[in-house]
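See below for the structure under consideration.
The numbers here are math on the coordinates, done by the rules we state, and not lab data. Just so you know, these numbers come straight off a predicted model, no measurement behind them. Here the Cβ is made from the backbone with ideal geometry for all residues, glycine too, and neighbour counts use every protein chain on show.
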Amino acid sequence: VYNFNPGPATLPLSILEKAQAELLNYNNTGMSVMEISHRSKEFEAIVSEAENRLKSLLQLNDDYRVLFLQGGATTQFSMIPMNYLKQGTQANYIVTGSFADKACKEAAFIGETHVAASSKDANHSYIPELTSLNLSDNPAYVHITSNNTIYGTQFKEFPEINNVPLIADMSSDLLCKPFDANKFALIYAGAQKNLGPSGVTIVIIRKDLIEASNKDLPSMLRYDIMAENNSLYNTPPSFSIYMVNLMLEWVIEQGGLIAMEKHNDEKASYIYQAIDSSSGFYKGHSQPEFRSTMNVTFTIANSELESKFIAEAAGKGLIGVKGHRSVGGMRTSIYNAMPKEGCLALAEFMAEFQKNNQ
Ligand code: PLP
C-alpha cells in the first residue's frame, strides 16, 4: 500500500529492511539495538553519528548542537517559553495553523504572548506577509511553524529578524529541502513524519541559547542539562534514535537536501496538477503560492463524494487520505519517504474518480 497518513508516516522500505536485518544482533553485539545499554559505546556512536549527519545535511556551523529529546513537539511548545520567556518580554507567534496556535496557547501558561501575524481570517490558507510583522515591544523570540500539517501550507521564505531569536517548529518539513538553518536560534521537530518513527523529538539549538536557558527548571526541561549529557541524561528513546540515524543515512544516500527538494517538488506536482486540471471538480485548500510539498489538502466540489473517494482510494491501496476536520476533504501526506510511484498512483486515481463521478 501507499501510506498517505500525516504521522506516524511511511518510512523507506530499505530502512525497514535494514532495521529488520539488524534487529536480533546489532553490530555483532549479540543483542538487539533495543537491548544494548544507552551508555554503551555502540549506542553513544549512534547518537553522535546522528548529530553529525544532521549537522552536515543542514550545513550547521559549530555554534549548534542537536539534541534528541522526548515528549514530542508538543513538549517543546512549553519547554521553549519555560526557558526563554522572561518577565517583561513577550513570546511572538506567527499563527498559520492549528499547531502554531497550540504553541502560542501553551506559552500563555508561562508568560506574555503576542500574535505577530495570523492567517486565521482565511482558514489558514496562506502564509502572512513576512516583511510587515507586527512584533511586540520587547520580544523574547519569534516562533513560526514552517509547514502547516493540517492546512497544507508552507513557508517559502523565512522572516528576516535581527537581534531576536527565530524559533521554528519544523515537525512536518525538516529535511524536505535545503534552507539556511543558521538563521534560526532553535528548530524542533517530532520525528514521526520526515525523520523516523515517533518517540523522539529533534531539537537543533544554538549554543548561546543553551547558555541562556533557564536554570531554575526541573532537569528534564533544561536544554543545558540535555546538551551537557549529549541527550543521555536519562534513558533515551534508543530504538527511535537508531531509526532516525538510519533515516539520515538514507537522505544522504539519496543525494541530500537538493535531491530531496527535487523529489518532493516532482511528487507534489503530480497531485497539484490533478487538482488544477480538474476544472473545479477538486479544489485545493492552500493558495497556490503557499502550497506545501509535504501535505496536499483538497476538497471535492460535491462534498457528498468525499467518503466514496476515501473508500475507493483505500480499495486501491492508497491509505490515509482523509482530511483533518478543520479543512475537511482530503489530505495526502507525502513526506520524504513517499515514493514518486505513490503520488503518480494517487494522481491517476484522482483523474479516474473524476471521470466516473462528474
Ligand atoms: N507541530 C506540527 C507542525 C505537527 O504537525 C505536529 C503533529 O502532527 C505537532 C507539532 C505535534 O507533534 P507531537 O505529536 O510530536 O507532539
(message) For Ser118, what residues show an amide H to amide H distance below 5 Å, using hydrogens built from the backbone and excluding near sequence neighbours?
(response) Val95
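As a test, work out the antiparallel percent of DSSP beta bridges whose residues both lie in the chain, rounded to the nearest 5.
On the way: 22 of 41 bridges.
Roughly 55 percent of the beta bridges in the chain run antiparallel, per DSSP.
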(message) Loop-only GluC sites (Glu not before Pro) in the stretch 79-140, please: DSSP not H, G, I, E or B, and at most 11 other Cβ atoms within 10 Å.
(response) Glu129
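What percent do you get for the relative contact order of the stretch 126-224 when only Cα pairs under 8 Å and 6+ apart count?
Details: 124 pairs, mean separation 18.5, N = 99.
Averaging sequence separation for qualifying contacts and normalising by length gives 19 percent for the stretch 126-224.
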(message) Roughly how far apart, in whole Å, are the Cα centres of the stretch 249-289 and the stretch 1-38?
(response) 27 Å
(request) In whole Hz, with x marking every Gly and Pro, tabulate ³J(HN,Hα) for the stretch 62-74 from phi via Karplus 6.51 cos²θ - 1.76 cosθ + 1.60, θ = phi - 60°. (result) 6, 6, 10, 10, 10, 10, 10, 10, 10, x, x, 4, 4
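Fully extended, how many nm does the chain gain between Asp180 and Asn163 (0.36 nm per residue separation, minus their Cα-Cα distance)?
On the way: separation 17, 0.36 × 17 = 6.12 nm, distance 1.68 nm.
Stretched fully, the Asp180-Asn163 segment lengthens by 4.4 nm.
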(message) Give me log10 I(q)/I(0) at q = 0.13, 0.20, 0.21 Å⁻¹ for the stretch 255-357, Debye formula, one equal scatterer per alpha-carbon, no solvent.
(response) -0.42, -1.00, -1.11
(message) Students often forget the sequence filter, so: which lysines lie under 23 Å Cα-Cα from Lys156 once same-chain residues fewer than 8 apart are removed?
(response) Lys55, Lys102, Lys120, Lys177, Lys183, Lys193, Lys262, Lys267, Lys283, Lys340
(request) Could you work out how far apart the two model spin labels at Lys18 and Glu289 are, taking each label as a point 7 Å from the Cα in the direction of the beta carbon, and quote it in nm? (result) 4.0 nm
(request) Assuming R0 = 22 Å, can you tell me the calculated FRET efficiency for the pair Lys308 and Ala259, based on Cβ-Cβ distance, to the nearest 0.05? (result) 0.05
(request) Can you work out the PRE-style zone for Ser277? Point 7 Å along Cα to Cβ, and I want the residues of the stretch 333-358 with backbone N under 18 Å. (result) 340-358
(message) Suppose only helical runs count, i.e. DSSP H with n ≥ 4. What mean residue ellipticity at 222 nm does that imply for the chain under -39500 (n - 2.57) per run, divided by all residues and rounded to the nearest 500 deg cm²/dmol?
(response) -11500 deg cm²/dmol
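In debye, nearest 20, what is the charge dipole magnitude of the stretch 269-358 about its Cα centre with +1 on Lys and Arg Cβ and -1 on Asp and Glu Cβ, if you could check?
Details: 9 positive and 8 negative charges, 39 e Å.
That gives the stretch 269-358 a dipole magnitude of about 180 debye.
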(message) Considering only C-alpha atoms, what is the centroid distance from the stretch 296-358 to the stretch 84-106, in Å?
(response) 33 Å
(request) Compute the Kirkwood hydrodynamic radius of the chain, taking the inverse of the mean of 1/r over all pairs of distinct Cα atoms, and give it in Å to one decimal. (result) 21.2 Å
